[in-house]
Amino acid sequence: MPSRTSISSKRVQLSTWLTRIVVNEAAARRRSAHRGGDGESSAALATLASSDPSPEHQAYACELHRMLEQAVDSLSEPYRLVFMLREVEGMSTTQTGLALGLGDEVVKRDSIAPAQ
């Protein structure tokens, strides 16, 4: 059975690979749009300016979402609660402390500790 480190490393490699695909495709489309000046380049510009995400971007976003969710789920409960209230709900240190019955220093410590 593969170790967590090797699985995590493969996930990072996949997300890096997907990012490079997206960046290279965008650069190629931009170069093509600058060269042409015809209807095809206008279509390329429209594609670049489109608000619809490309399949590559959708795959990257899905993978990133899954990895972030796993990372948050792996936190112990005290850290996860502080993280969710501070980063997701946007609460201040004081508000988080009041909601959890903790002092500001404990909230600050629990906000920093998982990142170290």
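The values are calculated or read from the model by the stated rules, or taken from the named source; none is laboratory data. Not measured: the values here are computed from a predicted model. Here the Cβ positions follow ideal geometry from the backbone for every residue, glycine too, while neighbour counts run over all protein chains shown.
Return yes or no: is Ala99 within 29 Å of Arg20 (Cβ to Cβ) and among the small types (Gly, Ala, Ser)?
The answer is no for Ala99.
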Just one of Arg109, Arg66 is more than 21 Å from the chain's Cα centre (by Cα) and at pLDDT 80 or above; which is it? Arg109
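Here's the yes/no breakdown for (1) at pLDDT below 70; (2) β-branched (Val, Ile, Thr):
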{"position": "Ser8", "(1), (2)": "yes, no"}
{"position": "Asn24", "(1), (2)": "no, no"}
{"position": "Ser42", "(1), (2)": "yes, no"}
{"position": "Leu48", "(1), (2)": "yes, no"}
{"position": "Ala59", "(1), (2)": "no, no"}
{"position": "Met91", "(1), (2)": "no, no"}
{"position": "Thr94", "(1), (2)": "no, yes"}
Answer yes or no as to whether Ser3 is surrounded by 10 or more Cβ atoms within 10 Å (Cβ to Cβ), of a type in the set (Ser, Thr, Tyr) and at pLDDT below 70. no
Which residue pairs have Cβ atoms under 8 Å apart, sit 6 or more places apart or on different chains, and have a first residue in segment 78-106 that is outside any loop (DSSP other than H, G, I, E, B) and a second that is of a type in the set (Gly, Ala, Ser) and buried (at least 17 other Cβ atoms within 10 Å of the Cβ)? Val82/Ser111; Phe83/Ser111; Arg86/Ser111; Thr93/Ser111; Asp104/Gly97; Val106/Gly97
